[in-house]
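Taking it in order: structure first as structure tokens, then the write-up.
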Amino acid sequence: MDIFDKLQILAASAKYDIACTSSGTSDNSIGSGSIGSKCLAGICHSFAADGRCISLLKVLQTNICTYDCKYCLNRKSNDKIKRAFFKPEELADLTVQFYKRNYIEGLFLSSGIIGNPDYTCELMIQTLTLLRKTYNFGGYIHAKAIPGAESKLLRQIGLLADRMSVNIEMPSQKSLTLLAPDKSKNSILKPMGFIKENISENSRDLTVYKKTPKFVPAGQSTQMIIGASPETDIHILKLTESLYKKFKLKRVFFSAYIPVSDNSMLPSLDTNPPLLREHRLYQADWLMRFYKFNADEILDDKSPNFNPFLDPKCNWAVNHPEFFPVEINKASYEQLLRVPGIGVRSAQRIIMARRYGGLNFISLKKLGIVLKRAQYFIICKGRKNDSLIIKHDNILKSLMSKKEFDMYKNEKYPRQIDFFEKPKLTHKKEHLWLNFPHVT
């Protein structure tokens, strides 16, 4: 098997591992003969510390795996895919050649478990050592930590990579036991805790010894598969919040489950990935990281799943009228952030502009505030916007399209069905969030 064949196989096997900001697209509308490619595999994108979007070669060291995770394409019981293996020298040379041609700016490296976790880790270390020491490669490297590997091996990877991640995979211990019997909660959380401790220790050392080697300078992240198991959105959100607090993660990535396995414990192969649910989780994640929301504020046990028509912030505002209206000339920064239509930059602009005088609705429009949303939740100098009728339905109409509002009022909105439940309607698409193109 030549290098190109290996690259095709191992890039395709890596495309389901969503731990970067994007993983490509499948838009083939332009057709053959066009210039450029938005492919599903091979290249993913991430953001550098200075904000640049960078392209990474995304491959596995090998897709040979001794584990049998039922949701994974590379599980050992799957005899329908080709298997391949990159020698460390091959992968290091390939990465450098791509970098020199300006195809990529870094490497995203993961692997199936070949032999045992320690041996797999050693192969990855050899690859990264060749890149860093032999080729003097200074590009960005995101490496996956292998659950169950020795701590000393994880430390070696951490000294070679910019970012590490340990996939938590399933949102609960029960689902993990059921769908990934070779993995355990401890084998995932232990390396996560090890990386966190080493990052903290390294930060302290760097303040004293400037030549101390950096350990995972871009921090660690994790990935969670959404939709393969029956956990609710509030369950996933609380777990996410806990991971941020306990392990100081840079990001928690949510990956809508793409059916690749015909198994009675998983959604059927014709089930569409719950992309809208994934999108709502990212929106809620943003609220927790930058708007200081708690998971319990966004969802609760009475409403454990996201509203398909409203983003989490609007949904919270509509359901908590006791916090509104907010006086725009007196509200704190934290209060402003909770107003739909006002984001971080908008809140900062309002705080800055208030130093030079009182603000009214015309001033807010000039500052770029999205008044279509915000006007129902704010007052300026004690007055609401002229001719504004503040009623529940009026607010919903301004936050939804007409079609969505009609569906909402007629209770024809989609719900996130239990994957083990058979659809009652004959038209499958009516049940799936994905098939409501106006809901974004």
Task: Residue that is nearest to the chain's Cα centre (by Cα), among those in region 288-317 that are among the aliphatic types (A, V, I, L, M) and modelled with pLDDT of 90 or more - done: Met288
TODO: Filter region 382-415 down to residues that are at pLDDT 80 or above, part of a loop (DSSP other than H, G, I, E, B) and surrounded by 12 or more Cβ atoms within 10 Å (Cβ to Cβ), then give me how many there are.
DONE: 3
Task: Residue selected from region 121-150 under the condition of a type in the set (Gly, Ala, Ser) and open to solvent by less than 40 Å² (accessible area, probe 1.4 Å), by the criterion farthest from Lys183 (Cα to Cα) - done: Gly139
- [ ] Just give me the residues in region 322-346 being open to solvent by less than 20 Å² (accessible area, probe 1.4 Å), under 25 Å from the mean Cα position of the chain (by Cα) and aliphatic (A, V, I, L, M), in sequence order.
- [x] Leu337, Val339, Ile342
Task: region 198-253, residues that are part of a helix (DSSP H, G or I) and of a type in the set (Val, Ile, Thr) - done: Ile199, Thr207, Val208, Ile234, Ile236, Thr240
Task: In region 74-99, the residues that are in contact (Cβ under 8 Å) with a residue 60 or more places away in the chain and assigned to a helix (DSSP H, G or I) - done: Glu90, Leu94
Open item on the list: So Ile378 passes all but one of these: (1) modelled with pLDDT of 90 or more; (2) farther than 25 Å from Ile298 by Cβ. Which condition number does it fail?
Closed with: (2)
Task: Unique match (being touching a helix residue (DSSP H, G or I) at 6+ places or on another chain (Cβ under 8 Å) and of a type outside the set (A, V, I, L, M)) among Asn136, Asn186, Asn202, Asn198 - done: Asn198
TODO: Working only within region 274-321, note down all residues that are open to solvent by 20 Å² or more (accessible area, probe 1.4 Å) and more than 23 Å from Gln335 (Cα to Cα).
DONE: Leu275, Glu278, His279, Asp301, Lys302, Ser303, Pro304, Asn305
Open item on the list: So, Asp270, is that one in contact with a Pro (Cβ under 9 Å, 6 or more places away or on another chain) and of a type in the set (Asp, Glu) or not?
Closed with: yes
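The values are calculated or read from the model by the stated rules, or taken from the named source; none is laboratory data. Fair warning: this is a prediction, and the values are worked out from it, not measured in the lab. A quick note on method: Cβ atoms are made from the backbone with ideal geometry, for glycine too, and the neighbour counts reach across all protein chains shown. Surface accessibility is based on the protein's heavy atoms, side chains included, excluding ligands, DNA and RNA. Shrake-Rupley method; radii C 1.70, N 1.55, O 1.52, S 1.80 Å.
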